[in-house]
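Colleague: If you scroll down you'll find the structure; I have some questions about it.
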Amino acid sequence: MYVVSAIVVLVVFAVAVWLLRLRVQLEISNDRRSLFVGLGRTGREYDYLRRVRSVRVLGFRVSSSPIDEKKAGKPERPEKKSTTKPPPGKPGRKRPLRDILRILPECSKALWGYTEGILRSLIIEHLEAEIKGGFDTPDLTGQAFGYYQAALAAAPAVVGRVRFTPDWTGPSLSGSARVSVALPLYLLLYRSLVLAVNLPLRQIVKLAIGKKRGDQDG
């Protein structure tokens, strides 16, 4: 009975971790400028107005410290240069350029597919921005407002979430934004597994090891 209960608990815990999301939250306003990076509600939070960085666990702050703590500490002593000569190393290895070019297309294709898959897997949990700005002349402000309208037509999902108010009086910039983007952990692991399968790992390892200088290609 206890074994079955332990297995159930482990399975539930594994599923809960599997469904967690890597999260990035950014908030900019007149009274707040913060950035959170973490897994679920646990991670690092940076408050750039108060110059404080905090550690949050399940949403609760457990510790905090000044962002400029290292700069406020004792000055680092300059390292003394060693006068002893290093021992002779092993013979160098070479990595022929043609070997790099041979695997470059396959690596580029795999990395591009990985990046594209990650971007498609991103979830916009919250998006709200309000910007008011202008340029030196009204025609430049009008062009910026036209680009904003074109962006709304290309991405109708942000209509009502991102608002831009042109300032025709002159150059200015103000506003606020709150953005939260997440990536499910299981999708990240899946995309990483696909990347590992698509990459020529054997050739990459051989290229990283290199060949001894003087060896001939077989």
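Computed from the coordinates by the stated procedures, all read-outs in this text should not be read as laboratory data. Computed from a predicted model, the values in this text were never measured in an experiment. When we count neighbours, we look across all protein chains shown, and the Cβ atoms used for this are built from the backbone with ideal geometry, even at glycine.
Colleague: Mind grabbing the base-10 log of I(q)/I(0) for segment 116-192 at q = 0.11, 0.13, 0.15, 0.20 Å⁻¹? Debye formula, identical points on the C-alpha positions, no solvent, two decimal places.
Modeller: -0.41, -0.54, -0.65, -0.89
Colleague: Still on this structure, I have one more. Starting from the Cα of A157, step 7 Å toward the Cβ, then list every residue of segment 119-145 with an amide N under 17 Å from that point.
Modeller: Zone members listed by number: 119-129.
Colleague: Assuming 0.36 nm per residue, please report the length gained on full extension of the stretch V37 to L127 beyond their Cα-Cα distance.
Modeller: 30.8 nm
Colleague: Now, a different point. Work out Dmax and Rg for segment 126-166 from the C-alpha atoms and quote the Rg first, both in angstrom.
Modeller: Computed over the Cα atoms of segment 126-166, radius of gyration and Dmax are 10.8, 34 Å.
Colleague: What's the center-to-center distance, using Cα atoms, between segment 176-206 and segment 129-175 in Å?
Modeller: If you average the Cα positions of each part, the centres end up 34 Å apart.
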